[in-house]
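**Q** Would you mind keeping the following structure in view while I ask a few things?
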Amino acid sequence: YSTYFIFIFFHAQLALFTAHPLHLPLDNMSPTMSSSLYTVAALSGRRASQQGGNKQRAVVQPLTADAATEALPLISAPRRRGGGADELVAWKSIRQERWEGVLEVEGNLPLWLDGTYLRNGPGLWDLGDYGFRHLFDGYAMLVRVSFRDGHAVGAHRQIESEAYKAAREHGKLCYREFSEVPKPDSFTSFIGQLVSLFSGSSLTDNSNTGVLRLGDGRVLCLTESVKGSIIVDPDTLDTVSKFEYQDKLGGLIHSAHPIVTDTEFWTLIPDLIRPGYVVARMDIGSNERQFVGRVDCRGGPAPGWVHSFPVTENYVVVPEMPLRYCVANLLRAEPTPLYKFQWYPDSGSYMHVMCKASGNIVASVEVPPFMTFHFINAYEEKDEEGRVTAIIADCCEHNANTSILDNLRLHNLRSFTGEDVLIDSRVGRFRIPLDGSPFGELEAALDPEDHGRGMDMCSINPAHLGKEYRYTYACGAHRPCNFPNTLTKIDLVEKTVMNWYEEGAVPSEPYFVPRPGAVEEDDGVAISMVSAKDGSGYALVLDAKTFKEIARANFPYGLPYGLHCCWVPRNNT
């Protein structure tokens, strides 16, 4: 008996973060699969392929203004809402599985902006009489805006994960999501659920978190379950196939935000049986992760949550925060305020630094308690002789306040009454010495009041990944609010801030796209999808230097709030 539950204890932890299923009737979900493929090809400069077919790319003639007007969508848009704050669609499901069409552009899009912006996130939170409870629940939906010659074509589509297709077919939740677990029909099915934790078969593959472009041109959608790695077509938004790792490293969960460059892919794999983290690297064009090294946890009964992590040119930084995986919470039928985690402040907080080349740990320091979803960037601090003396790592830090997790319940987001309830956040800057010191530092990189004590969902100029940098673009706060509601440009050298704000609007992560040939770090644009107060939605394009609006591409309907983004240049290879 005890051996059986030890077995469940260890292997249930492997399933941890992705826990939420659903009993949901899927009415109002008649999928329309038509799309204006010519319009996509005209704007992207490549021929779109049908799902499952071989993709053949071909350059077509540029889309003229007349062509843009005539290239009407073959499927109608969801009805555009309007008329009051109660119509805000940021936290509402979108009922149409797929749409595509030419967007009305206000202002002037830069002619150099030539490619496709993709944003991933939950798009369907309720089906029939059943509603998910948390922002991180909900079936993944991709949004695409293709820019060319000053024009824009928009689209959205549900990602066809096994979890989504099963819910649509059976009318109920069939896989374990973030905060939802399928309700067993009997004791036998309950035992079956426990056994399925061992194999990972009950974990969701609902890849509703990140979207990224690999160096070989493949576009990958991710969540924290390894099985939730899905390849999509950036032209058609078709779900192409699962991304299968061809190695023996195993692991059922990994960081939702790997580090990707044109030549490599870095990820962290939490080890929940022998608490620690495996650092792995993968060559671009390969599906085989290579073991680089291992970090053993210094505190706690389990590793800390590793939603993201930073790297420098020569090192991988492995964070160990006191918000740790918790098997007891995993096995609960109803979520706790910390869901699949537990806060262990007495276990200590640590930052580990591993050499990329050797896999050796060159520093492991204790730091003040911290709570973060997203790291911004990291770089190597050097002395006058060029020797690396410390690692600087920046993150969106929530003042070690874990209530941010429970505040993201959909009920809280939908019921804003004007009370200022957003958890305070800052740009948390770690300094990790490499001189053998046992302690590191954590402080605010600038005055949090300048960005409204709100900070999350950040991007930087990709040319500065792992290097010293000056600017980051993120979501800040204009208080009172219950969710980040501004777009913010932060100058980490001058310690100044520029904010974009529109009353009642909910903007998503501002994604920086550099101008081709640019020399200055902030020469480019920042793109964000915005859910407006009147229920409408648009892609906002800001000049990254001045942080002023230069254009917006209006969707004929509002879109739910989304999470992370990527940019696919037109000549994607």
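The values are calculated or read from the model by the stated rules, or taken from the named source; none is laboratory data. Every value quoted in this text rests on a predicted model; they were computed, and no experiment measured them. Neighbour counts run over all protein chains shown; Cβ positions are idealised from the backbone, glycine included. Remember, those area values only see protein heavy atoms, side chains included, never the ligands or the DNA or RNA. Shrake-Rupley method; radii C 1.70, N 1.55, O 1.52, S 1.80 Å.
**Q** Name the residues in region 227-236 that are surrounded by 24 or more Cβ atoms within 10 Å (Cβ to Cβ) and within 15 Å of the chain's Cα centre (by Cα), would you?
**A** Gly228, Ile230
**Q** On to the next question. Looking for something in contact (Cβ under 8 Å) with a residue 60 or more places away in the chain, open to solvent by 20 Å² or more (accessible area, probe 1.4 Å) and closer than 30 Å to Ser207 by Cβ - is there at least one such residue anywhere in region 486-496?
**A** no
**Q** Does region 430-450 contain at least one residue that is in a loop (DSSP other than H, G, I, E, B) and under 18 Å from the mean Cα position of the chain (by Cα)?
**A** No; the residues of region 430-450 include none that is in a loop (DSSP other than H, G, I, E, B) and under 18 Å from the mean Cα position of the chain (by Cα).
**Q** Of everything in region 283-341 that's among the hydroxyl-bearing types (Ser, Thr, Tyr) and over 21 Å from the mean Cα position of the chain (by Cα), which residue is modelled with the highest pLDDT?
**A** Within region 283-341, the match that is modelled with the highest pLDDT is Tyr315.
**Q** A further question on this structure: Collect the residues in region 470-485 that are under 28 Å from Glu264 (Cβ atoms), open to solvent by less than 10 Å² (accessible area, probe 1.4 Å) and more than 20 Å from the chain's Cα centre (by Cα), keeping them in residue-number order.
**A** Listed by number, the list is empty, since nothing qualifies.
**Q** When you check Tyr557 against the structure, is it part of a strand (DSSP E or B) and either of a type in the set (Phe, Trp, Tyr) or modelled with pLDDT of 95 or more (or both), yes or no?
**A** Taking the combined requirement at face value, the residue does not satisfy it.
**Q** May I pose another question? Is there any pair linking a residue in region 98-113 that is closer than 25 Å to Asp523 by Cα and assigned to a strand (DSSP E or B) to one that is open to solvent by less than 20 Å² (accessible area, probe 1.4 Å) and of a type in the set (S, T, N, Q), with Cβ under 9 Å and at least six apart or on different chains, and which?
**A** Once the first residue is closer than 25 Å to Asp523 by Cα and assigned to a strand (DSSP E or B) and sits in region 98-113, its partners that are open to solvent by less than 20 Å² (accessible area, probe 1.4 Å) and of a type in the set (S, T, N, Q) give Val105/Asn554; Glu106/Asn554.
**Q** Return yes or no: is Phe512 at pLDDT 95 or above, in a loop (DSSP other than H, G, I, E, B) and within 23 Å of the chain's Cα centre (by Cα)?
**A** No, not satisfied.
**Q** Go through (1) open to solvent by 10 Å² or more (accessible area, probe 1.4 Å); (2) in contact (Cβ under 8 Å) with a residue 40 or more places away in the chain; (3) of a type outside the set (Asp, Glu) for Thr116 and report which single condition fails.
**A** The one condition Thr116 does not meet is (1).
**Q** For the condition open to solvent by less than 30 Å² (accessible area, probe 1.4 Å), touching a Ser or Thr at 6+ places or on another chain (Cβ under 9 Å), without any contact (Cβ under 8 Å) to a residue 40 or more places away in the chain and closer than 22 Å to Ser255 by Cα, what is the one hit in Ile376, Ile423, Ile404, Ile391?
**A** Sole residue among the options that is open to solvent by less than 30 Å² (accessible area, probe 1.4 Å), touching a Ser or Thr at 6+ places or on another chain (Cβ under 9 Å), without any contact (Cβ under 8 Å) to a residue 40 or more places away in the chain and closer than 22 Å to Ser255 by Cα: Ile404.
**Q** Here is a further query. Among the numbered conditions (1) in a loop (DSSP other than H, G, I, E, B); (2) closer than 20 Å to Ala474 by Cβ, tell me where Asp394 comes up short.
**A** For Asp394, the failing item is (1).
**Q** Still on this structure, I have one more. For region 338-360, state whether one or more residues are of a type in the set (Asp, Glu) and either without any contact (Cβ under 8 Å) to a residue 60 or more places away in the chain or out of contact with any Pro (no Cβ under 8 Å at 6 or more places or on another chain) (or both).
**A** Yes: one or more hits.
**Q** Scan region 503-513 residue by residue and report those that are open to solvent by 50 Å² or more (accessible area, probe 1.4 Å) and farther than 17 Å from Leu422 by Cα.
**A** Tyr511
**Q** Here is a follow-up. Could you identify the single residue in Arg570, Arg552 that is modelled with pLDDT under 95, under 26 Å from Leu237 (Cβ atoms) and not polar (S, T, N, Q)?
**A** Arg570
Yes/no matrix, rows are residues, columns are (1) part of a strand (DSSP E or B); (2) open to solvent by less than 40 Å² (accessible area, probe 1.4 Å); (3) free of Cβ contacts under 8 Å to residues at least 24 places away in the same chain:
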residue: Glu244; (1), (2), (3): no, no, no
residue: Ser255; (1), (2), (3): no, yes, no
residue: Thr267; (1), (2), (3): yes, yes, yes
residue: Pro270; (1), (2), (3): yes, yes, no
residue: Arg274; (1), (2), (3): no, no, yes
residue: Val279; (1), (2), (3): yes, yes, no
residue: Val306; (1), (2), (3): no, yes, no
residue: Asn329; (1), (2), (3): no, yes, yes
